[in-house]
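Accompanying notes for the structure given below.
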Protein chains: 2
Amino acid sequence: MDGIPPIALDAMGGDHAPGEIVAGAVKAVRERGVPVVLVGAPRAVSEALAAHDAGGEIPIVRAEEAIAMDEGALASLRRPRSSIAIACHLVRRGDASAVVSAGSTAGVVATGKLRLRAQPGVLRPAIAVPLPTRPRPTVLLDAGATADVKPETLVQFAHLGAAYAETALGATAPRVGLLTIGGEAEKGNKVTKRAHELLGADPALDFAGNIEGHDLLSGAVDVIVTDGFTGNVALKTMEGTVRYAFSEMRDAIAAGTFARLGALLQRSRMRALRRRLDPEAYGGAVLLGLNGTVVIAHGSSTAEGIAAACSLAATLARQGTVARVGERVAAASRSHRRRWPANNHEDR
Amino acid sequence: MDGIPPIALDAMGGDHAPGEIVAGAVKAVRERGVPVVLVGAPRAVSEALAAHDAGGEIPIVRAEEAIAMDEGALASLRRPRSSIAIACHLVRRGDASAVVSAGSTAGVVATGKLRLRAQPGVLRPAIAVPLPTRPRPTVLLDAGATADVKPETLVQFAHLGAAYAETALGATAPRVGLLTIGGEAEKGNKVTKRAHELLGADPALDFAGNIEGHDLLSGAVDVIVTDGFTGNVALKTMEGTVRYAFSEMRDAIAAGTFARLGALLQRSRMRALRRRLDPEAYGGAVLLGLNGTVVIAHGSSTAEGIAAACSLAATLARQGTVARVGERVAAASRSHRRRWPANNHEDR
């Protein structure tokens, strides 16, 4: 185990909190060597720890309140002592190296923005999600933190995503694509057409041009940028389509006699494939652009998903993703000023 | 065969034009009883007809030019005598009941707007695509005609889609959903949040609320409205994800010995399923809101896809989809004026 401060794990967030969250913490500590501190209601958490014979093995930090799964962004203002808020506070003080929560995404994003604040020069935060492409995941952002963007925001998202790909995925000179509705530069809506120009003019980015919806899973680029509205729709469309394709296949298989025999033979492989497409396996989404690492695990996470999220958070902390975002954003803003020295109104 | 004027089929548009287009026309006439007129270069078209022993069976209308597959919207201005333009002209004059083209979508949309013009009161046209849901397809629009929309445009799209569902799919009182990024009214971007209010206030619509990406294929509603940027991304994401899921499955199957045997047994069922998800099978997208029916077949359409597109066009013409759109838009605008008599600046 290396010397990073522990991961602050929100014990109260998620559909199966605190039971599965605590079980995930135990897994992370015992099987993956990731240091964890649990943030939540002390009695419930320690009871859950005892069930794993892990009382005293993982420290607990008290949080009086929790943000419910169906609560939105406003709850972060109403509950300044929520488990997510306290977890952010630990990171801010340097007592934890990252936050992990399976709580409501809107609640985690709002609390993170409020408690950790945006990094210097960052216009808006973004949620980065790795897509199951090969040989390496493609990072899609924003998956829902910022629904309305300016073209300049999309350029920053490119740097946020590139920093993530460099530090968490080991990409060198990550290639960046812009999600839009045609291969040519003039295709898209007003925001993406202008963003296309800005991305192409940025010397610190390896811009590969436009990416269309059917190429999201082709692995053609390392980073795909889009606004949080489109990104969220695309990501959920992928999830829904995978579910649909599998269910249609199940129906097709069940309809035939010979086919049923075939299905028996390959059921285990199907299961392996489904697992690979499962958001639990990759650990979760990452909120980028704040003064601290925040990993948002799937709301329905079980122990395995929580352990993977803690591993991901530890990797991001060790690799210095937040610092790399800071370097990239600072460099981009310097180069921007150099090119338009007397006219930097676009920086606002 | 009933008495509608023929379908004006653009013989020069599509990856396999004119060969597969003409073959599709022959299929439409002989197997589906749909009257067709072919629009294009007479020599090439009549040679293709001769190959099917169909010389003289299908009339040809001469068009000097064609819009290439890689040409965009501007080509419609540069080529006023293109095969698509002439096909639109036939509809305008009443000599054809609908246009079918497998040409470049941008070219078809731009030419259709220019030659057929928007219906009275229609702000912007939209492309409607039926999704393979059960028991009845869900109509998604806009799939790419109008990338930047106002909230009022989305309300009109709801009426366009409802008219399509009523006439082409036999839906009564179609339920309309708004594609956005959360179930609650306050989720979304600026445009969808306002559109949510307007849709809910429209007495002529059965508004079912917000729809998320993972519910596109659930068949929960009859019509899903969105801007042409998001709709195009979502549709192509679906196509890409289906292709990805099948290819992953093929890999999983090929990796095992037992599994390979299973695969052999169910290959035919897989093929049937793929066909059902194939855009060729359902005939194509429909450009709504113009003074005439325009069906946009997939660029890679073969004869079967073209024949299906001609059938769809004939159904829309027989069912009076254009007239129904006109009625709905007129009624919506009357009710709008009734509710805000002194302040109709939102109508602009």
Look at B:HIS196 and say whether it is surrounded by fewer than 24 Cβ atoms within 10 Å (Cβ to Cβ), at pLDDT 95 or above and in a helix (DSSP H, G or I). yes
Taking the stretch A:1-44 and keeping only residues that are in a helix (DSSP H, G or I) and over 25 Å from the mean Cα position of the chain (by Cα), one is left with A:PRO42, A:ARG43, A:ALA44
In the stretch B:45-63, residues that are in a loop (DSSP other than H, G, I, E, B) and touching a strand residue (DSSP E or B) at 6+ places or on another chain (Cβ under 8 Å) total 3
When every residue in the stretch A:125-171 that is over 26 Å from A:GLY107 (Cα atoms) and of a type in the set (Gly, Ala, Ser) is compared, the one surrounded by the most Cβ atoms within 10 Å (Cβ to Cβ) is A:ALA171
Expected single match for touching a strand residue (DSSP E or B) at 6+ places or on another chain (Cβ under 7 Å) and outside the structural domain of A:CYS310 (by TED's automatic domain parsing) among A:LEU140, A:LEU116 is A:LEU140
For the stretch B:276-298, state whether one or more residues are more than 7 Å from every other protein chain (Cβ to nearest Cβ), at pLDDT below 95 and in a helix (DSSP H, G or I). yes
Counting only residues that are surrounded by fewer than 22 Cβ atoms within 10 Å (Cβ to Cβ) and at the interface with chain A (Cβ under 8 Å from one of its Cβ atoms), the stretch B:172-186 contains a total of 3
The condition from (1) at the interface with chain B (Cβ under 7 Å from one of its Cβ atoms); (2) over 21 Å from A:ALA126 (Cα atoms); (3) of a type in the set (A, V, I, L, M, F, W, C) that A:ALA220 misses is numbered (1)
Residue hits (the stretch A:103-121; crowded, with 21+ Cβ neighbours inside 10 Å and not in a helix (DSSP H, G or I)) are A:GLY103, A:SER104
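Residues are listed down the side, and each one gets a yes or a no for (1) touching a Ser or Thr at 6+ places or on another chain (Cβ under 8 Å); (2) under 15 Å from A:LEU9 (Cα atoms); (3) outside the structural domain of A:ALA17 (by TED's automatic domain parsing); (4) surrounded by fewer than 16 Cβ atoms within 10 Å (Cβ to Cβ):
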| residue | (1), (2), (3), (4) |
| --- | --- |
| A:PRO42 | no, yes, no, yes |
| A:SER46 | no, yes, no, no |
| A:ALA50 | no, no, no, yes |
| A:GLY56 | no, no, no, yes |
| A:PRO59 | no, yes, no, yes |
| A:ARG62 | no, yes, no, yes |
| A:ILE67 | yes, yes, no, no |
| A:ALA73 | no, no, no, no |
| A:LEU77 | no, no, no, yes |
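I'd like the full set of residues that are part of a helix (DSSP H, G or I) and among the small types (Gly, Ala, Ser), limited to the stretch B:218-249. Lay out the reasoning, then the answer.
Of the residues in the stretch B:218-249, the ones part of a helix (DSSP H, G or I) are B:228-249.
Matches in the stretch B:218-249: B:GLY228, B:GLY231, B:ALA234, B:GLY240, B:ALA245, B:SER247.
Just to be sure before I move on: is A:LEU38 aliphatic (A, V, I, L, M), under 30 Å from B:GLU186 (Cβ atoms) and without any contact (Cβ under 8 Å) to a residue 40 or more places away in the chain in the structure I sent?
Values: aliphatic (A, V, I, L, M): yes; under 30 Å from B:GLU186 (Cβ atoms): no; without any contact (Cβ under 8 Å) to a residue 40 or more places away in the chain: yes.
No.
Here is a check on your reading of the model: is B:VAL100 within 19 Å of the chain's Cα centre (by Cα), assigned to a strand (DSSP E or B) and more than 14 Å from every other protein chain (Cβ to nearest Cβ)?
Values: within 19 Å of the chain's Cα centre (by Cα): yes; assigned to a strand (DSSP E or B): yes; more than 14 Å from every other protein chain (Cβ to nearest Cβ): yes.
So B:VAL100 fits the description; yes.
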Going through the stretch B:203-217 in order, the residues found to be modelled with pLDDT under 95, surrounded by fewer than 20 Cβ atoms within 10 Å (Cβ to Cβ) and not in a helix (DSSP H, G or I) are B:PRO203, B:ALA204
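The values are calculated or read from the model by the stated rules, or taken from the named source; none is laboratory data. Predicted, not measured: the structure shown is a model, and the values here were computed from it. Neighbour counts are summed over all protein chains in view; Cβ atoms, including those assigned to glycine, are modelled from backbone coordinates with ideal geometry.
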